[in-house]
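Scroll down for the structure; my scribbles are underneath it.
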Amino acid sequence: MMLRDPLEINRRHFFQNNARGIGAAALAGLLGSESPTAAGAQDGLLGSGLHHTPKAKRIINLFQSGGPAQQDLFDYKPLLTKMNGQEIPPEVRGQQRLTGMSVNQTSLPLAGSHFKFAQHGQSGAWLSELMPHHRDIVDEVCFIKSMHTEAINHDPAITFFQTGSQIAGRPSLGSWLSYGLGSENEDLPAFIVLVSAAQGGQPLYARLWGNGFLDSKYQGVQFRSGHDPVLYLSNPEGIPSSRRRAQLDALRSLNQHQFQNELDPEIESRIAQYEMAFRMQTSVPDATDFSDEPESTFELYGQDAKQPGTFAANCLLARRLAQRDVRFIQLYHQGWDQHSNLPAQIKGQAKETDQASAALVTDLKRLGMLDDTLVIWGGEFGRTSYTQGVLTPTNYGRDHHPRCFTTWMAGGGIKPGITYGSTDEFGYNVVENPVHVHDFNATLLHLMGIDHQRLTYKYQGRRFRLTDVHGDVVHDLLS
């Protein structure tokens, strides 16, 4: 048996004995109230001491997983149509690496979009015919056409966008916001995740909305479609709420005893999460029940909004959660990964997302919430201007392209009706005002009142942050 250094034991006991009183006092503050809502809405690390005045109170992120083709949606490139079928010039491609899906192609012919583009609104923003409902919001939206990233494959690219690192294990954006800002609603989590049902495409993992090395109370909570939006939340048949309350009281007592012996902060989080789950038994059904919505709401979002789990239903649910002061609402819609048969497939993706995305912006503005709610639309990277596979008169595909892609934002302190950044005539390289993923995330935190360089967490001897050691706020985007 290995003997411990007596000095180590004494040091450990010293800190444990002194911390016990502090920890017990904190736990007493958490549990001291007779009310089951004692662990309610909480301030985050920053409390009321934000780094500067925020422009947004909440974020709704409409993440389009798979990489939407910017040339077919927002970034109009008539030269691609003119040069359709011709080889991409070597000076345009440069030394860019290719994925394993294109690297063995002997030819990389340019593929012009099959879809018509036109300018809309006072801003004159270009839109594809695939996005007709976006015409109604172009003067509320800021299009960023110069986004770029480093990862060329889906999993590291999505992980990078969500956590600031291509390597899994870091906290997600929603977790960082929960850690820094806390919750404004004692009956719902600060960070909620909605995934469109039955989409296929690239898989999504719970670690994308995970807490990483932060406390587990900061992880995202996924709401699912169907009878039980949150797994294991409902009481078993025959168990009344009073019985559940008594059970939680007993668990709380046991956990308090364990905390006094071990001083593990995760025990406090476990208690708080049990209490949150109890309150969510009432708050979640209220938020997810659309029966109080007028028919005009479904006309706005589309009839798909009546089907739980659709992108439209999730957009409407996101608005209802925003009304209940949920801090960060993350939507995922899969299926944008069109390596082949793009003209047919992208029509379906656009139809599923166009109306509801525009409706969300319109609805928030109607309710007076757009000014302090930031809405984001975009994927993890863009698509190539050359075709993957064989180019035919009726068909083409596009491979992954991290060098440039389009994202849009609306509300929450963003300049409305502008287009920021631009790509070359081939839609292949950024030529003006590049915006890196770290710049984008730094700007999001800034809009929420946070200096991205100062929101840090010390882990394994190093202070980590969402933007790693990079990123600059893009002040030109701010209103």
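The values are calculated or read from the model by the stated rules, or taken from the named source; none is laboratory data. Note that the structure is a prediction, hence the values are computed from the model and not measured. Every residue, glycine among them, receives a Cβ derived from its backbone with ideal geometry; neighbour counts consider all protein chains shown.
Data for the structure
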| item | result |
| --- | --- |
| Given (1) buried (at least 16 other Cβ atoms within 10 Å of the Cβ); (2) under 30 Å from Gly169 (Cα atoms), index of the condition Gln388 fails | (2) |
| Residue in the range 90-108 that is modelled with the lowest pLDDT, counting only those that are under 15 Å from His400 (Cα atoms) and surrounded by 13 or more Cβ atoms within 10 Å (Cβ to Cβ) | Gln96 |
| Matching option when the condition is at pLDDT 95 or above, touching a His at 6+ places or on another chain (Cβ under 7 Å) and aromatic (Phe, Trp, Tyr), among Phe426, Phe405, Phe381 | Phe381 |
| Test: residue in the range 223-240 that is in a strand (DSSP E or B), touching a Leu at 6+ places or on another chain (Cβ under 9 Å) and buried (at least 19 other Cβ atoms within 10 Å of the Cβ) | yes |
| Single residue of the range 295-344 satisfying the filter (of a type in the set (Val, Ile, Thr) and outside any loop (DSSP other than H, G, I, E, B)) that is nearest to Ser178 (Cα to Cα) | Ile329 |
| The listed residue being of a type in the set (A, V, I, L, M), in contact (Cβ under 8 Å) with a residue 40 or more places away in the chain and out of contact with any strand residue (DSSP E or B) (no Cβ under 8 Å at 6 or more places or on another chain), out of Ala151, Ala190, Ala125, Ala157 | Ala151 |
| Given (1) at negative phi; (2) surrounded by 12 or more Cβ atoms within 10 Å (Cβ to Cβ); (3) at pLDDT 80 or above; (4) not acidic (Asp, Glu), number of the condition Gly302 does not satisfy | (1) |
| Matching residues, the range 403-433, being surrounded by 17 or more Cβ atoms within 10 Å (Cβ to Cβ) and over 20 Å from Asn61 (Cα atoms) | Arg403, Gly421, Thr423, Phe426, Gly427, Tyr428, Asn429, Val430 |
| Residue in the range 351-368 that is touching a helix residue (DSSP H, G or I) at 6+ places or on another chain (Cβ under 8 Å), of a type outside the set (Lys, Arg), within 21 Å of Val138 (Cβ to Cβ) and not in a helix (DSSP H, G or I) present | yes |
